[in-house]
Every structure is written in C-alpha cells, then in structure tokens.
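Here is the structure we will look at, set down as structure tokens.
The values are calculated or read from the model by the stated rules, or taken from the named source; none is laboratory data. What you are looking at is a predicted structure, and each value in this text was computed from that prediction instead of being measured. Note: ideal-geometry Cβ built from the backbone for every residue, glycine included; neighbour counts use all protein chains shown. Areas reflect the complete protein model, heavy atoms only, side chains present, ligands, DNA and RNA absent. Shrake-Rupley method; radii C 1.70, N 1.55, O 1.52, S 1.80 Å.
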Amino acid sequence: MVKQFISNLWLDYSVRLCPSSSNIHHIVGDYGSITTDHFALRTLNLPQINVQSISLLLQNIGYKSKASYIFRKKKLYAEHFEHIDKKLPKIFLSQLNLQDCSKSLQKFCLDKFTKMSFDHTNIDFLFSGKTWDISINDYEKFLKESEYAAWFLAHGFGANHFTISVNALNKIKSLSELNEILIQNKIIMNKNGGLIKGSEALGLEQSSTLADHVQVQFSDGFFYIPGGFYEFSQRYKSIDSGRIFNGFIEASADKIFESTNRL
Ligand code: OOG
Ligand code: NI
C-alpha cells in the first residue's frame, strides 16, 4: 500500500513535473544505488486539504509527524513525517497560510476549493494534479505575491521534488563531489543561499537542481512554467546523540523552496 503510493507519486512527478529526473538517474546511477531520502508535497491551509488533514492520510499508511517548521516571510508552515519502516523516504509537507495572503488570492482559493470535494479515503488525490482551472493572467498575478501559491495553483497535487541520499551512494564521498559531477553533466543547479545549503555541524547538507520548465494547461492555452526539481542530501551523525540527523533545517529549506523560481 505505502510502496504503491510512493511509486505512483514518483511516476506522476517524473512524467509530469520533472522529466529530467531520468537523466539524473542515468548520471547518478553510475555512482551507487539510488535511494530516496525524502520527497515533498505542497498544499494550502484550507480545511479539506491542509497539513492536518493530509497528515491523517499519511498516518493511515504508517507515517508519523516528527517536527514542524515555520517560514514567516513565505507564509508557509511545514511538518516532516517518518515511516515506522526507516528504509522508506521521509516526507516534507508544507502549506501556504492563506489568512496571511492578499484578499484576492484568498478569494480565488476559497471560490475554487470550497465547492470541491476531496476523497479523503483515497490517498491517490496527493498526485491528482490540478482538478480546477486557472488562467495564465491569474497565474502571473499570484506569482508576484507568492511563488508557492502560483506553483500550487498551476500544478495542483503531486511531489514537487524527490531527494537522492548521498549517504547511500557507495562511490561518492561528499555532496560537493556529486555536485561537481552534476555540473559537469550540464545540470543547472539552484545557487540561492549557495550551492550547498546547511553543514555537517547542522547534521544536513543539501543541494538541488532548478525546476524543469514543463508545459501546463491553463484555461486560455498551454504555457511553459517551472515544474519539479531534484534534490540531493547528505546527513551526518549528531555529536550529542551519536544518531543520524533526520530532520530539516529551516534556513536551508527556505532556499530549497526557491528551486521552483522562474529564471
Ligand atoms: C520544500 C522545500 C524544503 C527541504 O528538503 O528542505 C525541502 C518544497 O520545495 O516544497 O524540501
Ligand atoms: Ni527537500
């Protein structure tokens, strides 16, 4: 059940949001086995679809919420989830706090979502894409206010990134070594906040590609906009506990979000 969900989510992400993921697998696969550290989901804090209601679905497949994160400037709230089977990927689930957004964005979302019904017995809605319509003008308008809002309203439900664990690549010693390989292969990386976000002392180093530009159907035609990206992470043992750090770092995550910014 949980494995089926993850493989369906991957299929949607790799086809619809991040077609370059197959090239990345081709490159990175030469250096060890590809293991997912985590993937990320985005949503809005409306009662039917907020972090709290999605977490119930995740609980049903064995995930537990482990920590929460706040991004004041971006108006986001997030939690990360871990599965009882530690081999399964962690999940980073965030929501846009609509109450902090403009009246016009609030109204647009309320009009679209309050009349929609989501089948909460079926976790498949987490990769159902966009079941509403939006014009390119509204997309551009909301993009000025919140890149996150525009991304979610254009793409809907699906993983915005998967993350390859550098720890699981037996032929790679460090994230910077992997970054070099990716850059040599002409992969375009997100340099906001530096190529590598975080540090060994913090327990986590991360880097990511810039999102692929993918074709999306708007109510008035097809347009290319940023879709999904790929992330790479290296986790370290904490000096205090001697255990590997499994959480996320707000300052780093803040920059990872920007991997879907338009160039
Ligand atoms: C999530 C960004 C944060 C991380 O690993 O810190 C994140 C997103 O872009 O939706 O995934
Ligand atoms: Ni991530």
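Numbers at a glance
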item	result
Fraction of beta bridges assigned by DSSP in the range 154-263 that are antiparallel (%, nearest 5)	75
Cβ-derived FRET efficiency at R0 25 Å, SER65 paired with MET116, nearest 0.05	0.50
Length released on extending from ASN170 to GLN184, taking residue separation times 0.36 nm less the Cα-Cα span	3.1 nm
HN-Hα J in Hz across the range 187-199 - Karplus 6.51, -1.76, 1.60, θ = phi - 60°, x for Gly and Pro	7, 8, 9, 7, 9, 4, x, x, 4, 9, 9, x, 7
Computed over the range 92-204, the ratio Rg/Rh where both radii use C-alpha atoms and Rh is Kirkwood	1.07
Whole-Å semi-axes of the ellipsoid equivalent to the range 22-141 (Cα gyration tensor, √5λ, descending)	29, 19, 15
The chain, helix-only ellipticity at 222 nm - DSSP H runs n ≥ 4, -39,500 (n - 2.57), divided by all residues, nearest 500	-8500 deg cm²/dmol
For the range 171-248 versus the range 63-90, the gap between their alpha-carbon centres in whole angstrom	17
Cα-based helix-to-principal-axis angle, 2-12 vs the chain, degrees rounded to 10	70
Acute angle (nearest 10 degrees) that the helix 136-145 long axis makes with the longest principal axis of the chain, alpha-carbon atoms	60
Burial ranking of peptide ranges 193-203, 250-260 (average Cβ count within 10 Å, highest at the top)	250-260, 193-203
Mean accessible surface per residue for the range 2-257, computed with a 1.4 Å probe while every protein chain stays in place, in Å²	46
Cα→Cβ-extended label distance, 7 Å offset, between ARG243 and THR131, nm	3.8
Cα-based helix-to-principal-axis angle, 103-113 vs the chain, degrees rounded to 10	90
Bridge type composition, the chain - antiparallel percent by DSSP, nearest 5	75
Rounded to whole Hz, the Karplus (6.51, -1.76, 1.60) HN-Hα couplings of the range 221-237, x for glycine and proline	x, 9, 9, 8, 9, x, x, x, 9, 10, 10, 10, 9, 10, 9, 10, 6
Under 5 Å, built H, 5+ apart or other chain: amide partners of HIS38	LYS90, THR163
Length added when fully stretched, GLN48-SER33, from 0.36 nm per residue minus Cα-Cα	1.6 nm
Calculated P(r) tail over 22 Å for the chain, as whole % of Cα pairs	54
CYS101 - accessible surface, heavy atoms, 1.4 Å probe, Å² rounded to 10	10
